[in-house]
1. Scan K456, K424 and give me the residue that is open to solvent by 10 Å² or more (accessible area, probe 1.4 Å), within 20 Å of the chain's Cα centre (by Cα) and not acidic (D, E).
2. When you look at D80, is it more than 21 Å from V205 (Cα to Cα), acidic (D, E) and either under 19 Å from the mean Cα position of the chain (by Cα) or at pLDDT below 95 (or both), yes or no?
3. Is it true that some residue in the stretch 496-515 is among the hydroxyl-bearing types (S, T, Y) and outside any loop (DSSP other than H, G, I, E, B)?
4. Test each condition in (1) among the small types (G, A, S); (2) part of a helix (DSSP H, G or I); (3) under 30 Å from S179 (Cβ atoms) for A232 and report the one that comes out false.
5. Considering only residues that are farther than 19 Å from A239 by Cα and modelled with pLDDT under 90, look in the stretch 174-213 and name the one that is surrounded by the most Cβ atoms within 10 Å (Cβ to Cβ).
6. Is it true that some residue in the stretch 152-172 is assigned to a loop (DSSP other than H, G, I, E, B), among the hydrophobic types (A, V, I, L, M, F, W, C) and open to solvent by less than 20 Å² (accessible area, probe 1.4 Å)?
7. Sort out which residues of the stretch 114-126 are touching a Ser or Thr at 6+ places or on another chain (Cβ under 7 Å) and under 19 Å from L481 (Cβ atoms), and write them in order of number.
8. Inside the stretch 459-489, can you point out the residues that are open to solvent by 10 Å² or more (accessible area, probe 1.4 Å) and assigned to a helix (DSSP H, G or I)?
Amino acid sequence: MYSSHIYAINRILTQHLCLARNSEQSSFCTIFGKMYFSQVTLLLLLYIYVADGVGINGLGNVYRYFLKEMNSTGLLMESDTTSIKSNWIDLPLDHFNIKEKRTWKMRYFERLDMWKPGKPIYLFMNGEGPASSAFLKTGIMYDLAKETNGAMFLSEHRYYGKSMPLNNSNTENMKYLSSRQALADNAQLLACIKSIPKFNDSKVVVIGGSYAGNLAAWMKLLYPDVVDAALASSAPVLAKLDFYEYLETVSEDLDEYGPPGCLDKVSKIFKRYEDLFSTDEGIEVLKKEENICADNDMRKEENRQLFFLEKASNFMYLAQYGNPDKIYSYCEDQKSLLPNDRDEFNPVWNKKNNCFDYDFDNMIESIREIDWYLSWTYQTCTEFSYFQTTNSDSQPFTRNVPIELYYKMCTKLFGPEFNEDMVKRGVNETNRLYGGLNLNVTKVVFVNGQMDPWSKLSILEDLSYEAPAAIVPRSSHCRDLFSDRSSDPEELKEVRRYVKYLIKRWIGAGEYRTL
């Protein structure tokens with residue numbers, strides 16, 4: 001299982017590829033041997049980017065959502081950016097093929113103004129989206145760095161943002177996009193940083209949110225000599241073909257936190273959609289009511305399926321990013337029951353004609369035009385699936401979003417070989433490589449929000465004393481990764497204190513004897 005990773009480690013240690021822009025780092029980033037790698041104990045923070053679950057193919061950009069919230073709530077108050085620098089590092093295109101000699105440049109950011117000798121280094125590792133230095137200014141990584149005099153780094157995932165090894169418009173070029181390659185990228189970045197003498201004694205934990213939370217836990221699994229500890233927040237570590245449990249959890253949230261009759265109200269709305277689609281006259285009524293583009297043929301099965309998925313995604317958004325009060329308000333107010341104010345990329349919105357375009361082929365072309373969207377869809381088709389369907393009777397959204405819709409997306413976007421069999425193989429291989437819900441790790445803490453649908457694929461019970469799990473009551477996706485706010489529930493603040501206590505204890509940093 002780990003033989004190819006041993007090769008990757010050896011390659012990391014013997015190649016002269018650490019060509020950072022920073023002059024000091026450039027002079028020391030040639031890796032000479034195992035003496036560096038055995039000393040590598042950095043605090044790696046794998047943060048927010050995830051299989052989002054609030055749009056077509058389970059996508060939405062978590063990064064954009066959190067940036068919006070940070071700005072709207074004043075969390076990004078710090079205006080001084082002079083202490084944050086942007087760098088690049090040369091990395092192998094393929095860490096696991098000795099015959100492949102090509103390299104590419106990965107972007108990363110650094111902030112060292114709080115660092116003191118011997119203190120930890122935090123690497124904030126993005127997932128499926130462009131990296132932003134904003135996460136060096138607030139959040140749990142920033143708080144930890146401030147409390148422990150740590151250095152902060154932030155890396156960008158291959159095939160996202162400006163870190164593009166090859167053009168992703170060609171499917172053949174995308175075969176180098178995988179979580180396994182991304183993990184090796186960051187292992188090499190850490191080895192490069194650790195080769196700088198002043199960082200020789202620094203330590204490492206990994207923390208991340210959602211997909212990046214997976215990466216945090218998997219870094220500790222595959223590179224235990226690099227990473228000392230990890231926080232995996234809202235991490236769906238189990239790849240799953242048919243993720244029908246997602247909408248079951250949305251249903252549970254509506255039932256628990258909505259006013260009396262909320263779930264029944266939602267069910268009636270979706271049943272009405274289904275009834276209207278059964279006749280040509282009903283389709284015309286629905287097209288007018290829902291502002292569906294006039295040229296959309298809603299008699300086509302895949303177009304109707306897109307409609308139901310997009311409508312359900314409004315409620316997915318509530319469960320994943322909302323709170324009990326927001327869910328109650330949406331269910332109580334009929335006018336706001338179907339919110340369309342989400343500030344994110346929506347592949348079915350036609351800006352030119354100001355209407356909702358549920359044409360399947362048009363949606364495919366929309367995805368092709370957005371780099372991060374195309375790249376993440378590729379990863380779901382080849383590694384994770386995470387396909388949110390309505391294949392359950394324990395949800396109110398009817399059964400009009402089958403898994404076949406997603407298979408069709410994969411095939412249409414990437415070619416006929418990207419079919420059901422390939423998706424199944426990818427899911428099986430991912431769970432075989434990483435262990436699914438049976439991760440063999442220590443010094444990793446798994447945190448999930450009780451409301452978060454992604455928690456169904458995460459670690460909800462302690463794996464061991466050194467791999468504990470924490471559930472935040474009445475909380476949603478990745479909330480523990482924010483800094484404390486006065487309006488936060490005390491249970492959420494307590495979990496953040498607990499996480500910081502564990503990390504400090506595991507790396508021997510700061511005051512950690514009491515919570």
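The values are calculated or read from the model by the stated rules, or taken from the named source; none is laboratory data. What you see is a predicted model, and the numbers here were worked out from it, not measured in a lab. Cβ coordinates were reconstructed from backbone atoms using ideal geometry, including for glycine residues, and neighbour counts include every protein chain displayed. Heavy atoms of the whole protein, side chains included, go into the accessibility calculation; ligands, DNA and RNA do not. Shrake-Rupley method; radii C 1.70, N 1.55, O 1.52, S 1.80 Å.
1. On the way: K424 fails: within 20 Å of the chain's Cα centre (by Cα).
Answer to the selection: K456.
2. Numbers: more than 21 Å from V205 (Cα to Cα): yes; acidic (D, E): yes; either under 19 Å from the mean Cα position of the chain (by Cα) or at pLDDT below 95 (or both): yes.
For D80, the condition - more than 21 Å from V205 (Cα to Cα), acidic (D, E) and either under 19 Å from the mean Cα position of the chain (by Cα) or at pLDDT below 95 (or both) - is met.
3. Yes, the stretch 496-515 has at least one match.
4. In the conditions (1) among the small types (G, A, S); (2) part of a helix (DSSP H, G or I); (3) under 30 Å from S179 (Cβ atoms), A232 misses (2) alone.
5. Selected residue: V206.
6. Scanning the stretch 152-172, I find no residue that is assigned to a loop (DSSP other than H, G, I, E, B), among the hydrophobic types (A, V, I, L, M, F, W, C) and open to solvent by less than 20 Å² (accessible area, probe 1.4 Å), so the answer is no.
7. The answer is P120, I121, L123, M125, N126.
8. The one that is open to solvent by 10 Å² or more (accessible area, probe 1.4 Å) and assigned to a helix (DSSP H, G or I): R479.
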